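There's a structure below that I have some questions on.
The values are calculated or read from the model by the stated rules, or taken from the named source; none is laboratory data. What you see is a predicted model, and the numbers here were worked out from it, not measured in a lab. For neighbour counting, all protein chains shown are included, and Cβ atoms are generated from backbone atoms with ideal geometry for every residue, glycine included. To get the accessible areas, we keep the full protein, side chains included, count just its heavy atoms, and leave off ligands, DNA and RNA. Shrake-Rupley method; radii C 1.70, N 1.55, O 1.52, S 1.80 Å.
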Amino acid sequence: MSFIEVVPENHFSIQNLPYGVFSSADNPKHRIGVAIGVEILDLSVVLSFLPPEVHDALKQPTLNSFMGLTPAAWTSTRNSIQKLLSAHEPSLRDDKQLRAKAFIKQSVAVMHLPADIGDYTDFYSSKDHATNVGIMFRGKDNALMPNWVHLPVGYHGRASSVVVSGTAIRRPCGQTRPDETQPPVFGPSKLMDIELEAAFFTGAGNELGSAIPIGKAHEHIFGMVLMNDWSARDIQKWEYVPLGPFLGKSFGTSISPWVVTMDALRPFRIPGPVQDPTPLPYLRHDDPFSFDIRLEVAIKGTSISACKQYMRVRYS
């Protein structure tokens, strides 16, 4: 339990502690913070309570340097923050002057992209989603392509159009072919769509040409954000053959400003669905690496639920 009040319906408990990048009206500098309740803990103010080896990384305006450290550094930092925010730890709890400097209300903070995104890969990891889109484009009898159950299907997206949640997205224009008996036409998309997804930020990479074994992959995954990969289905349907998605998928991708760490998600790990056929040896792993997480999209200002998804059914 934390000395910062966290109501039951708030997701930012002391067991979560997601990282984000924020600024404020009185200080436009981008700084790294941790969400706790309705507050943000400014880590630049409390560096003396954190491991020395992470100080330089946490002074940066993005999470890139911190994510480039080791999993041990991520875990020790999280443990130190949990201790600092604990109801039984007086260092910050009882220092009114330090608390005034260290905390800012989320309601008055400006949130930014948590990292400079150099590359972005979109994986087609939900069998239901892949089937539904396949039916939309190719019909029920040819919904899943033959390779889908054998390898992680993905494509490189446009990293420069990944934006923080709340950024306005412009409806794209492009070629579509609404009447298959007529030539294509140009104009604004009439079939805009959303995709409820979870995205992962990776940490330290590998040298060009060297592989990361599947059993070591988890050591390179820092944390998760929610993602909406906006899609113009009519543009996508016309352009995706033969090289895959392009303008229909690259005009905007929204991500949440808070990165939930893999340490925070560890208690929710569960085995994934049985894969049939069995993957090739280089893709096999024994550790449970699906997650018992429910995702939902609601229409803002209403009680209407637009869609629900469960990460535990993620196939690959």
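Can you tell me how many residues in region 239-271 are assigned to a helix (DSSP H, G or I), at pLDDT below 95 and surrounded by 17 or more Cβ atoms within 10 Å (Cβ to Cβ)?
The qualifying residues number 1.
What residue, among those in region 292-308 that are of a type in the set (A, V, I, L, M, F, W, C) and more than 25 Å from residue 149 (Cβ to Cβ), is most open to solvent (accessible area, probe 1.4 Å)?
304
Here's a follow-up. Within region 64-77, how many residues are open to solvent by 30 Å² or more (accessible area, probe 1.4 Å) and either in a helix (DSSP H, G or I) or hydrophobic (A, V, I, L, M, F, W, C) (or both)?
7
Take the residues in region 12-33 that are touching a strand residue (DSSP E or B) at 6+ places or on another chain (Cβ under 7 Å) and under 11 Å from residue 85 (Cα atoms), then tell me which one is surrounded by the fewest Cβ atoms within 10 Å (Cβ to Cβ).
14
Being farther than 16 Å from residue 165 by Cα, touching a Phe, Trp or Tyr at 6+ places or on another chain (Cβ under 8 Å) and open to solvent by 20 Å² or more (accessible area, probe 1.4 Å) is the filter here, so list the residues in region 218-238 that pass it.
Of everything in region 218-238, those that are farther than 16 Å from residue 165 by Cα, touching a Phe, Trp or Tyr at 6+ places or on another chain (Cβ under 8 Å) and open to solvent by 20 Å² or more (accessible area, probe 1.4 Å) turn out to be 218, 221, 237.
Answer with yes or no whether residue 118 is within 30 Å of residue 236 (Cβ to Cβ), in contact with a helix residue (DSSP H, G or I) (Cβ under 7 Å, 6 or more places away or on another chain), surrounded by fewer than 14 Cβ atoms within 10 Å (Cβ to Cβ) and not β-branched (Val, Ile, Thr).
The answer is yes for residue 118.
Return only the number of the condition from (1) at pLDDT below 95; (2) of a type outside the set (Phe, Trp, Tyr); (3) not in a helix (DSSP H, G or I) that residue 141 does not satisfy.
In the conditions (1) at pLDDT below 95; (2) of a type outside the set (Phe, Trp, Tyr); (3) not in a helix (DSSP H, G or I), residue 141 misses (3) alone.
Are there any pairs, at least 6 apart or on different chains, whose C-beta atoms fall under 7 Å, with the first in region 305-316 and among the aromatic types (Phe, Trp, Tyr) and the second surrounded by fewer than 13 Cβ atoms within 10 Å (Cβ to Cβ), and if so, which?
310/294; 315/273
For (1) at pLDDT below 90; (2) of a type outside the set (Val, Ile, Thr); (3) out of contact with any strand residue (DSSP E or B) (no Cβ under 9 Å at 6 or more places or on another chain); (4) open to solvent by 90 Å² or more (accessible area, probe 1.4 Å), each residue gets a yes or a no:
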residue	(1), (2), (3), (4)
273	yes, yes, no, no
279	no, yes, yes, no
287	yes, yes, no, no
290	yes, yes, no, no
310	yes, yes, no, no
313	yes, no, no, no
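Let me ask something else. For the condition open to solvent by 50 Å² or more (accessible area, probe 1.4 Å) and assigned to a strand (DSSP E or B), what is the one hit in 97, 175?
That would be 175, the only listed residue that is open to solvent by 50 Å² or more (accessible area, probe 1.4 Å) and assigned to a strand (DSSP E or B).
So if I check each of 187, 205, 209, which one is free of Cβ contacts under 8 Å to residues at least 60 places away in the same chain, outside any loop (DSSP other than H, G, I, E, B) and among the small types (Gly, Ala, Ser)?
So the residue among 187, 205, 209 that is free of Cβ contacts under 8 Å to residues at least 60 places away in the same chain, outside any loop (DSSP other than H, G, I, E, B) and among the small types (Gly, Ala, Ser) is 187.
Right, another one. Answer with yes or no whether residue 103 is buried (at least 17 other Cβ atoms within 10 Å of the Cβ), within 22 Å of the chain's Cα centre (by Cα) and in contact (Cβ under 8 Å) with a residue 40 or more places away in the chain.
No; evaluated as a whole, the condition is false for this residue.
Among 5, 53, 9, which is the only one that is of a type in the set (Asp, Glu), free of Cβ contacts under 8 Å to residues at least 24 places away in the same chain, surrounded by fewer than 19 Cβ atoms within 10 Å (Cβ to Cβ) and not in a helix (DSSP H, G or I)?
Matching residue, one of 5, 53, 9: 9.
Identify, please: which residue in region 180-190 is modelled with pLDDT of 95 or more and farther than 29 Å from residue 112 by Cα and is, among those, most open to solvent (accessible area, probe 1.4 Å)?
Out of the qualifying residues, it is 190.
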